[in-house]
Amino acid sequence: MGNYASLKHRIESGEVIVLDGAIGTELQSMGVPMHPAAWCGPGNYTHPSTVRQMHERYIRAGADIITTNTFNTLRPALEASGYPDLVREINVRAVDAAIEARTRADVDKSVYIAGAISCRIPVRDGRTGTLLGGTGFGYGASLSAQELRAYADEQAQILAECGVDFFIMENMWADNESRMIAAEAAKSTGLPVWVGFTASMAPETQEVRMSFGDDRHAYSSGMGMPLWTSNWRSVNYGMTLAEGVAEIASLDPDAITVFHSRISETTAALQVVLDQWSGTVALYPDAGRTDYLETWQDSSVANEETADELTREAAKWVGMGAQVVGTCCGFGANYTKALSSALPDHVNGH
């Protein structure tokens with residue numbers, strides 16, 4: 001069984017740690033339908049055995065860390081999906097699936113469970129207060145800071161009680177205030193917290209940023225409402241990744257991650273993080289697919305990057321100083337197996 005103390009010892013000893021891969025798109029490829037508001041979250045309730053099997057795939061592929069299917073199981077997302085009375089049950093089942101997978105896989109090494117928390121919040125209709133399903137690119141800034149903290153506290157306490165080894169904070173995009181709020185909620189449980197950033201390149205300056213710039217205006221809730229509205233908390237869309245990391249570093253997280261970014265953007269972001277942060281760095285890029293939120297995945301559509309291309313770049317990341325490497329949306333267990341086989345056992349100097 002895994003525990004964070006042993007993971008920390010392995011990291012301090014210079015081991016290269018393999019994180020698992022895509023959760024939502026892997027479940028999608030296994031036949032779990034995606035929901036427009038809660039994406040893969042309801043699968044913990046409707047397809048629990050498939051969720052468990054997904055984790056087992058990653059463990060057998062060589063993952064040292066598996067991530068709970070709780071990326072989008074904060075109360076607002078489940079409320080918008082029709083599961084307001086199953087918030088605890090869906091989160092509990094997610095951790096149970098990971099724990100059972102770790103037991104059933106029965107590999108000869110420790111496997112650690114990271115409890116995922118994100119602020120991927122559906123839009124609240126300003127007229128009725130109803131949470132609306134949408135494309136899923138909303139930020140926690142659509143809620144007040146107090147309301148977001150209450151929801152993050154609720155989820156963090158459930159996951160901690162169920163037995164996750166640590167937390168991994170995921171999509172807040174450019175919204176560093178929501179990132180801080182959610183991270184503080186996770187830290188209040190007493191468990192270690194890894195805080196993640198997405199990254200993109202500003203087209204004119206090539207500066208590494210946390211947002212997707214003007215692209216955000218292209219998204220709508222699917223119900224005629226824009227995702228970005230004037231009554232949201234203010235978000236500094238111009239904040240650079242360097243500024244965001246420097247702000248989060250004040251919380252003293254246990255690791256900084258860069259995820260859900262293309263491979264080339266991940267390489268650029270790694271250097272920015274290393275310039276601002278001397279602690280553990282984890283990287284898990286995505287495949288840039290466009291069908292994340294389709295109900296079913298078209299398996300005939302191949303990823304742009306092969307497993308060999310990913311592993312070559314990942315070796316560079318380890319050489320630069322990243323110590324934890326995995327993958328995100330679109331990169332499944334076959335990519336995890338390739339990373340586990342190709343990456344060195346230890347970083348340079350160990």
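Worth pointing out:
- Separation of the Ala342 and Ser234 label points, Cα + 7 Å toward Cβ, nm: 4.5 nm
- Fraction of the pair-distance distribution of region 28-78 above 15 Å, Cα-Cα pairs, percent: 46 percent
- Distance between the 7 Å Cα→Cβ label points at Ser264 and Ser110: 3.9 nm.
- Dividing the alpha-carbon radius of gyration of region 232-350 by the rule-of-thumb value 2.2 N^0.38 Å gives 1.16.
- Ordering of 173-180, 150-157 by packing is 173-180, 150-157, highest average first (other Cβ atoms within 10 Å, averaged per residue).
- Of the solvent-accessible surface of the chain, computed with a 1.4 Å probe over protein heavy atoms with every protein chain present, carbon and sulfur atoms account for 46 percent.
- The radius of gyration of the Cα set in region 34-111, together with its Dmax, comes out at 12.9, 41 angstrom.
- From helices alone, the chain scores -12000 deg cm²/dmol at 222 nm; the rule is -39500 (n - 2.57) for each run of n ≥ 4 DSSP H residues, then divide by the residue total.
- All-pairs alpha carbon distance profile, the chain, 20 Å steps from 0, percent: 33, 62, 5
- Taking a straight Cα-Cα cut-off under 25 Å and skipping sequence neighbours fewer than 8 places away in the same chain, the lysines within cross-link reach of Lys316 are Lys8, Lys337.
- Heavy atoms of the protein chains alone define the surface here; on that basis the chain has 39 Å² accessible area per residue at 1.4 Å probe size.
- Taking Asp20, Asp96, Asp106 in turn, the Gaussian network model of the chain (Cα-Cα springs below 10 Å) assigns the largest fluctuation to Asp106.
- Legend: helices of the chain (whole DSSP H runs) are marked when their alpha-carbon atoms reach 15 angstrom or more along the helix axis and their mean Kyte-Doolittle hydropathy is at least 0.0; marked are 263-276.
The values are calculated or read from the model by the stated rules, or taken from the named source; none is laboratory data. Note that the coordinates shown come from a computational prediction; the quantities given were computed from them, not determined experimentally. Positions of Cβ are backbone-derived with ideal geometry, glycine not excepted, and every protein chain shown enters the neighbour counts. Just the protein is used for accessible areas: all its heavy atoms, side chains included, with ligands, DNA and RNA removed. Shrake-Rupley method; radii C 1.70, N 1.55, O 1.52, S 1.80 Å.
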